[in-house]
1. How much accessible area per residue does the range 201-297 have, in Å², with a 1.4 Å probe?
2. Given a Förster distance of 25 angstrom, what is the FRET efficiency for residue 290 paired with residue 149, based on the Cβ-Cβ distance and rounded to 0.05?
3. I'd like to know which of 118, 180, 19 lies farthest towards the positive end of the charge dipole of the chain, counting +1 on Cβ of Lys and Arg and -1 on Cβ of Asp and Glu.
4. Given H placed on each backbone N at 1.01 Å, which residues far from residue 140 in sequence or on other chains put an amide H within less than 5 Å of it?
5. Show me, for the range 57-73, the HN-Hα J-couplings you get by feeding each phi into the Karplus relation (A = 6.51, B = -1.76, C = 1.60, θ = phi - 60°), rounded to Hz, glycine and proline as x.
6. Per residue, how much space in cubic angstrom lies within the convex hull of the C-alpha atoms of the chain?
7. Which percent, nearest 5, of DSSP beta bridges in the chain are antiparallel?
8. Using a cut-off of 15 Å between beta-carbons, work out the net charge of the residues near residue 265 (Lys and Arg +1, Asp and Glu -1, residue 265 not included).
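The values are calculated or read from the model by the stated rules, or taken from the named source; none is laboratory data. Treat the numbers as computed from the prediction; the structure is a model and nothing was measured. Neighbour counts are summed over all protein chains in view; Cβ atoms, including those assigned to glycine, are modelled from backbone coordinates with ideal geometry. SASA here: full protein model, heavy atoms, side chains in, ligands and nucleic acids out. Shrake-Rupley method; radii C 1.70, N 1.55, O 1.52, S 1.80 Å.
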Amino acid sequence: MRREDLADADCGIAQALGVLGDWWTFLIVRDVAGGTTRFDALQRELGVSRRALTERLAALVEHGVLERRPYSRHPPRYDYLLTTRGEGLLPVLIALQDWGTRHLMGDGDVTATADAGSAEARRAHDLVGRRLPEVVLPAADGQPVAVAATDAWTVLYLFPGAYAPGTHGYPPGWAEIPGARGCTLESTTYAKRHPDFLTAGVRVYGISTQRPDQLADFAAYAELPFPLLSDQDGRLGAGLLLPVFRAGGVTRFKRLTLLVDPTAVVRAVQFPVTDPAGSVQEMLTLVREIAGSPADA
């Protein structure tokens, strides 16, 4: 009898664990979300036996979590990609990461930042050399934006939350969460320096887990000249295992900035960001050093 046959038929948790009750299965979904979609690459990343990986991939395909898409006919080879059902697991992965970071690796306190020498900071800086997953996020105007578009240098600054006055978006106790404040200052500083980034040949995107309509209200209030993108479904957050915290019942990004080259590879990471305004000039300096852009006149 299969494990899922033993599950409580009326309990969604039991039913889900019938499909995902093996820790290797969660790690497979994690790596596929991050862009590792081929058998040999998954085996290399996970260090699991070929037999075990074959069995778990087959089970995930059977349950509609993954789909196989051929990329070679002779010999037959497949990419394993998340289905809509599989993408529904991304918030679960993010919640597990947040719980482990906060309660197992941390002291249990809610924080929007991290210690520079922490495991969370090391994991963030290990993103250097990593290619962005193929993720499309809605902009504040609802238009889809391919974050990993390979045609220009890009700055992605991720922030916890920013709201237009009078929209009552900030949850209770926001000001007491370390690192949470400063999103408006960071965004308006990027707006002021936006001509310098354009001159350097670099586009700028702000990203948060807020809804597109909330981002649209804030972008209009702050008169931002660049797009804000919504990762409310966790596609980028889960794909890169980005640092997060929860406040007001919402999973939010800790403040972090990525410099991405025209091949969609991360070339620099700012984390933790303790000076939201100062980090903008620091990033502009990095752009000029790494991308080889002209210096200030």
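1. Per residue, the range 201-297 has 36 Å² of solvent-accessible surface.
2. Computed FRET efficiency for residue 290 and residue 149 comes out at 0.85.
3. My answer, from the dipole projection, is 19.
4. Amide H to amide H, under 5 Å and 5 or more residues apart or across chains, residue 140 pairs with 228.
5. Here the 3J(HN,Hα) series is 5, 4, 5, 5, 5, 4, 8, x, 7, 10, 10, 9, 10, x, 10, 8, 8 Hz.
6. Value for the chain: 156 Å³ per residue.
7. Antiparallel bridges make up about 75 percent of those DSSP assigns within the chain.
8. Summing Lys and Arg as +1 and Asp and Glu as -1 gives -1.
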